[in-house]
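What follows is one structure encoded as structure tokens, with my remarks underneath.
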Amino acid sequence: LDGWEYRVDELIATRPKQAWKPLSAGAGAHGQRIYHWARAALRPHAKNGFGHWVLARRNISNPADIAYYVCFGPVSSRLKDLVKVAGARWAVEECFQSAKGECGLDHYQVRHYRAWYRHITLAMAALAYLTAVRATQAAKGAADATNTTSYPSASPKSAA
């Protein structure tokens, strides 16, 4: 870039066809989330070993459907590193959806920052507690399933 302002879609449109790589953003509900990804440097002169990029995610079945991310990281960051970080966004969104549905994260009226902060903190603490309880119960269930049989025998000989 030469110091002028560019639209992100125009900047990505200048990328050659070979710049688009099919990569997975991680596992989703229906398997791997594979998209075509490309990046373009926003500031060609890195400072202190860090750079800025725009990352573009293009839908394989509908190439007109493109999402954009602004990235900041070490100059040595590869395309697949940026894709991995972008893919982590879905896990965060799922966490917030769970908190909204199970802990009332979205059931507040913003009147004062202090009240909002207390509500958000309490809802997230409740979600953390529920997650820990579920993990403990799942671990107990898995241990019980492997340690017991359907019909335990009273006889020590047949149990062996």
query = What are the residues in region 9-51 that are surrounded by 14 or more Cβ atoms within 10 Å (Cβ to Cβ) and polar (S, T, N, Q), if any?
reply = 24
ask   = Does region 69-111 hold any residues that are open to solvent by 100 Å² or more (accessible area, probe 1.4 Å), among the basic types (Lys, Arg) and over 25 Å from residue 37 (Cα atoms), and which are they?
value = 111
request  = Could you tell me which residue of region 104-148 is modelled with the lowest pLDDT, considering only residues that are touching a helix residue (DSSP H, G or I) at 6+ places or on another chain (Cβ under 9 Å) and in a loop (DSSP other than H, G, I, E, B)?
outcome  = 110
message = Just to verify a result, which residue in region 112-121, among those that are of a type in the set (Phe, Trp, Tyr) and out of contact with any Phe, Trp or Tyr (no Cβ under 7 Å at 6 or more places or on another chain), is surrounded by the fewest Cβ atoms within 10 Å (Cβ to Cβ)?
response = 113
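The values are calculated or read from the model by the stated rules, or taken from the named source; none is laboratory data. Not measured: the values here are computed from a predicted model. Here Cβ is always computed from backbone atoms with ideal geometry, including for glycine, and neighbour counts include all displayed protein chains. For accessibility, only protein heavy atoms count, side chains too; no ligands or nucleic acids. Shrake-Rupley method; radii C 1.70, N 1.55, O 1.52, S 1.80 Å.
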